[in-house]
Amino acid sequence: MKRSRKDFFDRIYRIGRIKKRKRGDGGGYFRQNYRIKRIKKLTLAEFEKVILFILLILSKLNSNMPELAEVDFYRRRWWDGSRRYAPGLGAGRSVDKAEVAERSLVYRYLKKEFPGGARALAKQLQGARMAESGTHGKQMWFVFKMKKERGKNLWVGIHLGMSGELRIEPKEYVAQKYDALVLRVAGRTLVFYDPRQFGRVRAWAGMKAERPPWLQNLPGEILGKEFTAEFVRGVLARHGRAPVKAVLLNQSYFPGIGNWMADEILWRAGIHPALPAGKAATPKIAKKLHATIQEVTRDALRVIAGQGGKLPPDMNANIPDSWLFNHRWRAGGVCPRTKKPLACAEIGGRTTRWAPARQKLPED
């Protein structure tokens, strides 16, 4: 019998309640039996929804998602290799063997978009050649030319979630507990590791000229031609009551910008993060904000992801102290320009750092 959404959440609520049952001797309650009885009435599909709902709530408590430069850093780690290994580690190489942790939650939706799920993905990857890679905002993907079905490409999309990372390990590396995807390539091992399992692996197979549905109708990239000062001004005006910090975190308009980048942008532009977006929707402020968004994006890709040069050994290895980044994490941090204390508060649902001496709210 098909149950309504209301009935489903009703049943979840009842799990946490304890039905009182009087003992024969008068007084006391039987708690455990009732609770177990109610849990047993949940179907497997419903129980999975409960777990995912709990994980979603936990992710909101500490949502440090990798931002566009970190995503590109990890993409390059698989694609280019690192200083420890020869460049072009994955690029153009064939997968000798693919291993998947089928029970990992990173594959929770894979069967809906890729027949056979994780197990079928491992079979298709074996012998396939890594031919292309790319990023858009917080997404990355790798394109493999399929050996078994010529003329078709296999697209593998990876979202890192909160704790995911792509690593390079030696040939003899043995897969560990939270290694969701392991590719044996050219005498090395490429690993997607995600202990919290908030990340996601996607897959799609199609002809060479085609792209997966999940890479279609994406918002314009920040360094693209369509990202103009007028576009930024229009977004600010459309969300006039929201704090400008919250608007910058909207992935529909600013793909790849996360918490630290938003703080860095507003600090460099001298704009208070709590300023209502409508008050920033003037030609002058919008132009300045647009230029700063692109400046921070270019700097992040160059310094963190090594764009235009070699991949750094670590994401934070080359970040200069002239950025807000190195100071925003420290207790009692000071502004690198004014040398005065930074302020901290929750704005737009996220922990925010700013320099009150140079980021001031205008008087009404």
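D for the stretch 229-354, whole µm²/s, Stokes-Einstein with Kirkwood Rh over alpha-carbon pairs at 10 °C and 1.306 mPa s: what number? If you can, show how the numbers build up before the last one.
On the way: Rh = 15.0 Å.
The estimated diffusion coefficient comes to 106 µm²/s.
What nm distance separates the two modelled labels at Arg108 and Glu132, each placed 7 Å from Cα along Cα→Cβ?
Distance between label points: 3.0 nm.
How about the stretch 271-364: which chymotrypsin sites (Phe, Trp or Tyr not before Pro) there lie in a loop by DSSP and see at most 15 other Cβ atoms within 10 Å? Intermediate values should be presented prior to the final figure.
Working: sites: Trp323, Phe325, Trp329, Trp354; in loops: Trp323, Trp329.
In loop regions of the stretch 271-364 (DSSP not H, G, I, E or B), the sparsely surrounded chymotrypsin sites (Phe, Trp or Tyr not before Pro) are Trp329.
Go through Lys111/Lys225; Lys288/Lys310; Lys284/Lys360 and tell me which ones have a Cα-Cα distance over 27 Å in this structure.
Working: Lys111/Lys225 36 Å; Lys288/Lys310 31 Å; Lys284/Lys360 16 Å.
Flagged as over cut-off: Lys111/Lys225; Lys288/Lys310.
Using DSSP to define loop residues, name the GluC sites (Glu not before Pro) in the stretch 212-243 whose beta-carbon has at most 10 other beta-carbon atoms within 10 Å. It would help to have the intermediate numbers written out before the result.
Numbers: sites: Glu221, Glu226, Glu230; in loops: Glu221, Glu226.
Sparse-neighbourhood loop GluC sites (Glu not before Pro): Glu226.
Output the relative contact order of the stretch 128-252, whole-number percent, from Cα pairs under 8 angstrom with separation of 6+ residues. Intermediate values should be presented prior to the final figure.
Working: 180 pairs, mean separation 24.7, N = 125.
Over the stretch 128-252, the number comes to 20 percent.
In nm, what is the difference between 0.36 nm times the number of residues separating Lys208 and Lys339 and their Cα-Cα distance?
Here the answer is 41.7 nm.
Testing the spin-label approximation: label points 7 Å from Cα along Cα→Cβ at Asn316 and Met146. State their distance in nm.
With each label point 7 Å from Cα toward Cβ, the separation is 4.2 nm.
So which aspartates and glutamates can Lys287 reach, going by Cα to Cα under 16 Å and dropping same-chain residues fewer than 8 places off?
Within the straight-line cut-off, Lys287 pairs with Glu226, Glu230, Glu295.
At a threshold of 8 angstrom on Cα-Cα distance, excluding pairs fewer than six apart, so keeping six or more, what relative contact order does the stretch 68-215 reach in percent?
Working: 329 pairs, mean separation 40.4, N = 148.
27 percent.
When the chain is fully extended, how far beyond the present Cα-Cα distance does Ala291 get from Glu226, taking 0.36 nm per residue of separation?
Details: separation 65, 0.36 × 65 = 23.40 nm, distance 1.37 nm.
Gain in length upon complete extension: 22.0 nm.
Just need the relative contact order of the stretch 190-319 here, percent rounded to a whole number, with Cα pairs under 8 Å and 6+ apart.
On the way: 124 pairs, mean separation 30.4, N = 130.
Once divided by the residue count of the stretch 190-319, the mean separation gives 23 percent.
No lab work stands behind these numbers, since they all come straight from the coordinates. What you are looking at is a predicted structure, and each value in this text was computed from that prediction instead of being measured. Every residue, glycine among them, receives a Cβ derived from its backbone with ideal geometry; neighbour counts consider all protein chains shown.
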